[in-house]
Amino acid sequence: MAFVGGGEMLVLEKSTGRVRRVADGMVTGTALDLAVNSASERGLLGIALHPNFTVNGFVYLYWTESTIGADSTVLSEVPLLGNRVDRFVWNGSSLAFDRNIINLRARQSDSGQTERGNHNGGVLRFGPDGKLYVLVGDVGRRGQLQNLADGPVGPGSPDDAFGGPEPDNAHLTGAILRINDDGSTPSDNPFFAAGAAIGGQTGANIQRLFAYGIRNSFGMAFDPRSGGLWAQENGDDSFDELNRVEPGFNSGWVQIMGPPGRIAQYKAIETDPMAPQPFTPGGYFGLQQIRWPPTNLADTGVQALLRLFALPGSHYSAPEFSWKFGVAPGGIGFLDGNALGTRYANDLFVGAARTSLEGGHLFRFNICGRATARGIASFDPRLADLVADNLHKFEITESQSLLFGSDFGVTTDVQTGPNGNLFLVSLSDGAVYEVFDSGAAQPPSDDCRASAPSPGPGPSAALTLDLEARKQKLRKRLKLFATASAASTLTAGGRAIKETTKELAANETTKVKAKLKRKQRKKLVRKLDRRGKAKTRVEATATDRGGTTADDEVKVKLRD
Ligand SMILES: [Ca+2]
Ligand SMILES: [Ca+2]
Ligand SMILES: [Ca+2]
Ligand SMILES: [Ca+2]
């Protein structure tokens with residue numbers, strides 16, 4: 001869905017490949033009709049307007065091409081690189097092809113299993129930096145971008161009949177790409193230097209990466225307040241995630257889904273041979289691709305993190321939120337402004353990719369904090385661990401406080417309209433919904449002032465979930481932290497960090513001056529991980545990237 005001005009919007013039809021013109025609640029025409037392959041999750045999937053759309057009319061579409069020159073629902077009728085992003089020009093009534101931006105993997109004909117058409121991603125968004133962000137799912141690949149450095153078999157073997165495990169053109173999957181509006185690669189991308197060192201097709205693709213290790217997603221959005229990128233990620237049967245995606249982010253798939261501290265649950269669910277459950281009578285065993293079985297998964301969070309495919313400058317971070325069993329999130333978006341009242345201002349809304357839970361749930365996350373520290377806040381003590389511990393797939397336990405709406409069907413897009421209301425595209429209902437303020441009394445406010453203590457000094461606001469409930473945990477955590485910081489080799493850094501622990505609250509980020517060499521920083525991270533604190537994040541600002549001995553800012557984040 002895209003708002004093109006004059007009260008008009010463009011709405012995509014996944015299976016016909018048509019871009020429909022909609023005004024005043026009515027379809028008024030067709031701006032474009034593409035020959036799409038819409039088998040499984042393929043089709044006309046994503047749209048984004050250029051930041052200077054009103055001047056240049058540029059419209060970007062993510063779609064799956066058919067090989068027969070007409071719409072197809074046959075899995076095999078697709079080119080190898082059949083997912084494509086193209087640029088079109090809007091002339092006020094129709095869209096004309098301008099240029100191709102990128103071609104991505106679509107075909108999934110792997111030996112030993114039936115052909116598939118899922119995990120294409122398909123979300124396009126322009127960032128506040130004017131760059132185009134393209135989300136592509138793993139498309140069933142098991143290569144380096146799925147954190148298998150040597151592919152599914154081992155050193156010397158490709159991922160599949162079309163290459164890999166390195167990210168050649170057929171294995172540039174499970175990632176968020178950041179590209180210029182003309183398809184070229186920005187030189188300030190996180191792995192630009194790493195890709196240049198590798199060179200060739202693989203190196204050029206690594207240069208395009210903004211993030212990787214992502215299984216699949218139907219939702220990605222920029223927070224209009226912080227400018228930060230958020231994405232949801234669909235797990236197999238376990239651990240759907242909501243992530244803050246910073247440059248160089250590695251989400252961990254296939255080695256890890258959900259928080260590292262929950263790795264045993266991830267493995268247990270995905271290797272469960274029986275467990276007939278509602279919606280999954282066959283049980284949960286398997287990670288879809290038989291060439292890499294779930295029995296390969298690590299047994300501890302640290303072990304899993306050590307197995308990640310680490311591009312230079314990459315970082316893993318645990319999800320902002322996750323669901324133990326999949327609820328299948330779909331499109332996500334922020335409500336930009338307070339058109340629905342202060343209670344909902346600037347919050348994050350998460351639609352459904354299935355109708356199994358609440359007929360298509362619409363979850364709302366209360367987002368608090370200042371500037372880049374904006375994050376999820378909740379009053380439900382069960383969510384203090386940032387995990388909704390539901391009982392099986394598509395089950396509401398611990399998500400009750402998040403439920404904002406029901407029966408929205410399959411939500412493929414969530415956006416703030418020009419009038420400030422929330423607009424949702426429902427694929428299953430064939431409808432666009434507008435959520436507006438009816439004027440009825442709203443529930444008591446759960447705004448940020450009420451849920452968080454007054455922000456103390458420091459570069460980021462404190463974001464606490466439930467201080468009382470977390471007190472014991474926090475005390476334990478601080479003790480561990482103090483022990484770690486007192487350790488021998490971390491003299492200068494140790495002292496600084498110990499001081500910090502006095503002020504740190506759960507889930508709070510702080511910066512301290514610390515004289516840490518690159519190796520020392522790594523050592524500290526390892527130390528904390530060994531103490532079962534794998535989600536603790538210790539990262540340095542840019543000045544420390546080279547491992548200098550200068551006084552660098554070290555950012556420490558305590559997370560549950
Ligand atoms: Ca068509
Ligand atoms: Ca993850
Ligand atoms: Ca499974
Ligand atoms: Ca929980």
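Is it true that some residue in the range 42-61 is of a type in the set (D, E, K, R), open to solvent by 50 Å² or more (accessible area, probe 1.4 Å) and more than 23 Å from Glu8 (Cα to Cα)?
Looking through the range 42-61, none of the residues is of a type in the set (D, E, K, R), open to solvent by 50 Å² or more (accessible area, probe 1.4 Å) and more than 23 Å from Glu8 (Cα to Cα).
Just checking, how many residues over the range 66-90 are touching a Gly at 6+ places or on another chain (Cβ under 6 Å) and buried (at least 22 other Cβ atoms within 10 Å of the Cβ)?
1
Looking for whichever is within 13 Å of ligand 3 (Cβ to nearest atom) and under 27 Å from Leu362 (Cα atoms) here; the options are Leu229, Leu287. Which one fits?
Working: Leu229 fails: within 13 Å of ligand 3 (Cβ to nearest atom).
One residue alone meets the criteria, Leu287.
If Ala221 satisfies all but one of (1) open to solvent by less than 10 Å² (accessible area, probe 1.4 Å); (2) not in a strand (DSSP E or B); (3) not β-branched (Val, Ile, Thr), what's the number of the condition it fails?
All conditions are met except number (2).
Right, Ser157: on the phi < 0 side of the Ramachandran plot, without any contact (Cβ under 8 Å) to a residue 24 or more places away in the chain, away from ligand 4 (no atom under 16 Å from the Cβ) and not acidic (Asp, Glu) or not? Spell out how you get there, then give the answer.
Details: on the phi < 0 side of the Ramachandran plot: yes; without any contact (Cβ under 8 Å) to a residue 24 or more places away in the chain: yes; away from ligand 4 (no atom under 16 Å from the Cβ): yes; not acidic (Asp, Glu): yes.
Against the criterion (on the phi < 0 side of the Ramachandran plot, without any contact (Cβ under 8 Å) to a residue 24 or more places away in the chain, away from ligand 4 (no atom under 16 Å from the Cβ) and not acidic (Asp, Glu)), Ser157 qualifies.
Considering only residues that are open to solvent by 10 Å² or more (accessible area, probe 1.4 Å) and more than 22 Å from Ile332 (Cα to Cα), which ones fall in the range 115-146?
Matches in the range 115-146: Glu115, Arg116, Gln144.
Which of the residues spanning the range 224-255 are of a type in the set (Gly, Ala, Ser), assigned to a loop (DSSP other than H, G, I, E, B) and within 13 Å of ligand 2 (Cβ to nearest atom)?
Pass one, the range 224-255, residues of a type in the set (Gly, Ala, Ser): 226-228, 231, 235, 238, 248, 251-252.
Restricting the remaining residues to those that are assigned to a loop (DSSP other than H, G, I, E, B) gives 226-228, 235, 248, 251-252.
Across the range 224-255, the qualifying residues are Gly235, Ser251, Gly252.
Can you pull out the residues in the range 345-365 that are at negative phi, open to solvent by less than 30 Å² (accessible area, probe 1.4 Å) and away from ligand 4 (no atom under 16 Å from the Cβ)? Spell out the reasoning first.
To start, the set of residues in the range 345-365 that are at negative phi comprises 345, 347-357, 361-365.
Those left that are additionally open to solvent by less than 30 Å² (accessible area, probe 1.4 Å): 345, 347-353, 357, 361-365.
The answer is Ala345, Asp347, Leu348, Phe349, Val350, Gly351, Ala352, Ala353, Leu357, His361, Leu362, Arg364.
Can you tell me how many residues in the range 385-397 are open to solvent by 10 Å² or more (accessible area, probe 1.4 Å) and either away from ligand 4 (no atom under 16 Å from the Cβ) or under 21 Å from the mean Cα position of the chain (by Cα) (or both)? I'd like the intermediate steps shown before the answer.
Going through the range 385-397, the residues open to solvent by 10 Å² or more (accessible area, probe 1.4 Å) turn out to be 385-386, 389, 391-397.
This time we only want the ones that are either away from ligand 4 (no atom under 16 Å from the Cβ) or under 21 Å from the mean Cα position of the chain (by Cα) (or both), so: 385-386, 389, 393-394.
Final tally of qualifying residues: 5.
Between Ala373, Ala431, which is open to solvent by less than 40 Å² (accessible area, probe 1.4 Å) and modelled with pLDDT of 95 or more? Walk me through how you get there before you give the answer.
Numbers: Ala373 fails: modelled with pLDDT of 95 or more.
Going through Ala373, Ala431 in turn, the sole match is Ala431.
Looking at the range 18-32, can you tell me whether even one residue there is in a loop (DSSP other than H, G, I, E, B) and either surrounded by 20 or more Cβ atoms within 10 Å (Cβ to Cβ) or touching a residue at least 40 places away in the same chain (Cβ under 8 Å) (or both)? Steps first, please.
At the first step, the residues of the range 18-32 found to be in a loop (DSSP other than H, G, I, E, B) are 24-25.
Applying the additional criterion that residues be either surrounded by 20 or more Cβ atoms within 10 Å (Cβ to Cβ) or touching a residue at least 40 places away in the same chain (Cβ under 8 Å) (or both) yields none.
Among the residues of the range 18-32, not one is in a loop (DSSP other than H, G, I, E, B) and either surrounded by 20 or more Cβ atoms within 10 Å (Cβ to Cβ) or touching a residue at least 40 places away in the same chain (Cβ under 8 Å) (or both), which makes the answer no.
Please specify each residue of the range 229-264 satisfying the condition of being among the basic types (Lys, Arg) and either surrounded by 24 or more Cβ atoms within 10 Å (Cβ to Cβ) or within 16 Å of ligand 4 (Cβ to nearest atom) (or both). Spell out how you get there, then give the answer.
To start, the set of residues in the range 229-264 that are among the basic types (Lys, Arg) comprises 244, 262.
Answer for the range 229-264, where residues must be among the basic types (Lys, Arg) and either surrounded by 24 or more Cβ atoms within 10 Å (Cβ to Cβ) or within 16 Å of ligand 4 (Cβ to nearest atom) (or both): just Arg262.
Go over the candidates Leu391, Leu340, Leu357, Leu424 one by one and state the one that is in a strand (DSSP E or B) and away from ligand 1 (no atom under 16 Å from the Cβ).
Leu424
When the residues of the range 276-312 are filtered to those that are open to solvent by less than 20 Å² (accessible area, probe 1.4 Å), among the hydrophobic types (A, V, I, L, M, F, W, C) and over 22 Å from the mean Cα position of the chain (by Cα), which remaining residue is nearest to ligand 1 (Cβ to nearest atom)?
The qualifying residue nearest to ligand 1 (Cβ to nearest atom) is Trp292.
Is there a residue in the range 214-228 that is within 16 Å of ligand 4 (Cβ to nearest atom) and out of contact with any strand residue (DSSP E or B) (no Cβ under 6 Å at 6 or more places or on another chain)? Give the steps one after another, and end with the answer.
Initial filter on the range 214-228 (within 16 Å of ligand 4 (Cβ to nearest atom)): none.
The answer is no, given that none of the residues of the range 214-228 is within 16 Å of ligand 4 (Cβ to nearest atom) and out of contact with any strand residue (DSSP E or B) (no Cβ under 6 Å at 6 or more places or on another chain).
Only one of these is more than 16 Å from ligand 2 (Cβ to nearest atom), in contact with a Leu (Cβ under 9 Å, 6 or more places away or on another chain) and of a type in the set (Phe, Trp, Tyr): Phe423, Phe321, Phe365. Name it.
Testing whether each residue is more than 16 Å from ligand 2 (Cβ to nearest atom), in contact with a Leu (Cβ under 9 Å, 6 or more places away or on another chain) and of a type in the set (Phe, Trp, Tyr) leaves just Phe365.
A quick yes/no check of all residues on (1) within 16 Å of ligand 1 (Cβ to nearest atom); (2) in contact (Cβ under 8 Å) with a residue 12 or more places away in the chain; (3) farther than 19 Å from Leu391 by Cα:
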| residue | (1), (2), (3) |
| --- | --- |
| Phe192 | no, yes, yes |
| Ala196 | no, no, yes |
| Gly213 | no, yes, yes |
| Asp237 | no, yes, no |
| Gly248 | no, yes, yes |
| Gly258 | no, yes, no |
| Lys267 | no, yes, no |
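Among the candidates Phe309, Phe349, which residue alone is touching a residue at least 40 places away in the same chain (Cβ under 8 Å) and within 18 Å of Ala211 (Cβ to Cβ)? Show your work before the answer.
Working: Phe349 fails: within 18 Å of Ala211 (Cβ to Cβ).
Only one candidate passes the filter, namely Phe309.
How many residues does the range 308-342 contain that are within 16 Å of ligand 4 (Cβ to nearest atom) and either out of contact with any Asp or Glu (no Cβ under 8 Å at 6 or more places or on another chain) or of a type in the set (D, E, K, R) (or both)? So that I can check it myself, show each step before the final result.
Start the filter on the range 308-342 by keeping residues that are within 16 Å of ligand 4 (Cβ to nearest atom), which leaves 318-327.
Add one more test, that the residue is either out of contact with any Asp or Glu (no Cβ under 8 Å at 6 or more places or on another chain) or of a type in the set (D, E, K, R) (or both), and what stays is 318, 320, 324.
So the count comes out to 3.
The values are calculated or read from the model by the stated rules, or taken from the named source; none is laboratory data. These numbers come from a predicted model, not from an experiment. Don't worry about glycine lacking a Cβ; one is built from the backbone with ideal geometry, like all the others, and counts go over all protein chains shown. To get the accessible areas, we keep the full protein, side chains included, count just its heavy atoms, and leave off ligands, DNA and RNA. Shrake-Rupley method; radii C 1.70, N 1.55, O 1.52, S 1.80 Å.
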